[in-house]
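The block underneath contains the structure these notes are about, expressed in structure tokens.
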Amino acid sequence: MGGFMPFAEEKFSDFAEVFTETTENLAATLGILTDTVTNIKALLTAYKAAYTACESPNAGPIDRENRREKRAALEAAIRRIKNAYIDGDPKGVVTNEIRMQFGLKPKDTIHTPIEPPSEIPAFTLESGGYLQATVTHPARPASYNGAVLFYRISDEPVTSHEELTSSKLLTRVKETLVFKDTDRLKTLSAALCWENEKGQLGPVSPIQSLIIV
């Protein structure tokens, strides 16, 4: 069971472009903040540049790692917009037609509506050895895609969820994160929430932090 975003790089690139363009076009209709639109457009531009660099015959591990980082940041922004303005629908105007404009599946109007997750997943964040960390959380419920890890690597611990600018969908009970040499002795800050099969996010856990060794 996968998330609502395509896994393959080319398909994700196309999806992100459509999602970002629709975010800008429907910002007034959905009440999306100007700063939010500016941010996702900048993240898309950065990702597309990294994606293009990886298409070069001379692309190497550094280029692929840069693309991975740029994609993680863009995915996090997409999830936040989807959760706040599409699934949350503060103006009560989101229709299936609007969802499809974003590249999202329409809601099932026949079966019983699926509510967003209500529980916060407990998790542990531990050092996994040299340039590694392990994230452990409960097994995902059958109707969930997995747990979304919002995270950031910085010089100091992060205290606001809004500062967790990258995200990763975790589907296993225990997953290992691998870092670059330049991340050593920096701080990994992370929080977790469930994502159901509709891509809806539940409440986010308190932030945990550790030093990358």
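The values are calculated or read from the model by the stated rules, or taken from the named source; none is laboratory data. Because the structure is a prediction, the values reported are computed rather than measured. So basically every Cβ, Gly included, is an ideal-geometry build from the backbone, and we count neighbours across all protein chains shown.
Kindly establish whether A50 is free of Cβ contacts under 8 Å to residues at least 24 places away in the same chain and either in contact with a Lys or Arg (Cβ under 6 Å, 6 or more places away or on another chain) or not assigned by TED's automatic domain parsing to the domain that holds G202 (or both).
Values: free of Cβ contacts under 8 Å to residues at least 24 places away in the same chain: yes; either in contact with a Lys or Arg (Cβ under 6 Å, 6 or more places away or on another chain) or not assigned by TED's automatic domain parsing to the domain that holds G202 (or both): yes.
Yes; evaluated as a whole, the condition is true for this residue.
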E65 being under 20 Å from L149 (Cβ atoms), more than 14 Å from the chain's Cα centre (by Cα) and in contact (Cβ under 8 Å) with a residue 60 or more places away in the chain
yes
Within segment 6-16, does at least one residue satisfy the condition of being in contact with an Asp or Glu (Cβ under 8 Å, 6 or more places away or on another chain) and polar (S, T, N, Q)?
no
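Do the conditions hold for P90, that is, is it under 26 Å from E163 (Cβ atoms), modelled with pLDDT under 95 and not in a helix (DSSP H, G or I)? Before you say what the answer is, go through the steps one by one.
Working: under 26 Å from E163 (Cβ atoms): yes; modelled with pLDDT under 95: yes; not in a helix (DSSP H, G or I): yes.
So P90 passes the test.
Yes or no, residue by residue, for (1) in contact (Cβ under 8 Å) with a residue 24 or more places away in the chain; (2) in contact with a helix residue (DSSP H, G or I) (Cβ under 6 Å, 6 or more places away or on another chain); (3) surrounded by fewer than 15 Cβ atoms within 10 Å (Cβ to Cβ); (4) over 23 Å from M5 (Cα atoms):
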{"site": "E126", "(1), (2), (3), (4)": "yes, no, yes, yes"}
{"site": "H137", "(1), (2), (3), (4)": "yes, no, no, no"}
{"site": "A147", "(1), (2), (3), (4)": "yes, no, no, no"}
{"site": "E163", "(1), (2), (3), (4)": "yes, no, yes, no"}
{"site": "S167", "(1), (2), (3), (4)": "yes, yes, no, no"}
{"site": "T176", "(1), (2), (3), (4)": "yes, no, yes, no"}
Collect the residues in segment 26-40 that are in contact (Cβ under 8 Å) with a residue 12 or more places away in the chain and in a helix (DSSP H, G or I), keeping them in residue-number order.
T29, L30, T36, V37, N39, I40
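Residues that are assigned to a helix (DSSP H, G or I) and hydrophobic (A, V, I, L, M, F, W, C): does segment 101-117 have at least one?
No: segment 101-117 contains no residue that is assigned to a helix (DSSP H, G or I) and hydrophobic (A, V, I, L, M, F, W, C).
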Cβ contacts < 6 Å: first residue over 8 Å from L30 (Cα atoms), restricted to segment 82-101; second residue part of a helix (DSSP H, G or I) and at pLDDT 95 or above, any location; separation 6+ or different chain. Result?
Q101/T22
Out of all the residues in segment 193-205, is one or more farther than 15 Å from A77 by Cα, hydroxyl-bearing (S, T, Y) and surrounded by fewer than 19 Cβ atoms within 10 Å (Cβ to Cβ)?
no
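For segment 59-79, check the following and say yes or no: at least one residue is outside the structural domain of S166 (by TED's automatic domain parsing) and not in a helix (DSSP H, G or I).
So in segment 59-79, the residues outside the structural domain of S166 (by TED's automatic domain parsing) come out as 59-79.
Pick out the ones that are also not in a helix (DSSP H, G or I) and you get 59-60.
Yes: one or more hits.
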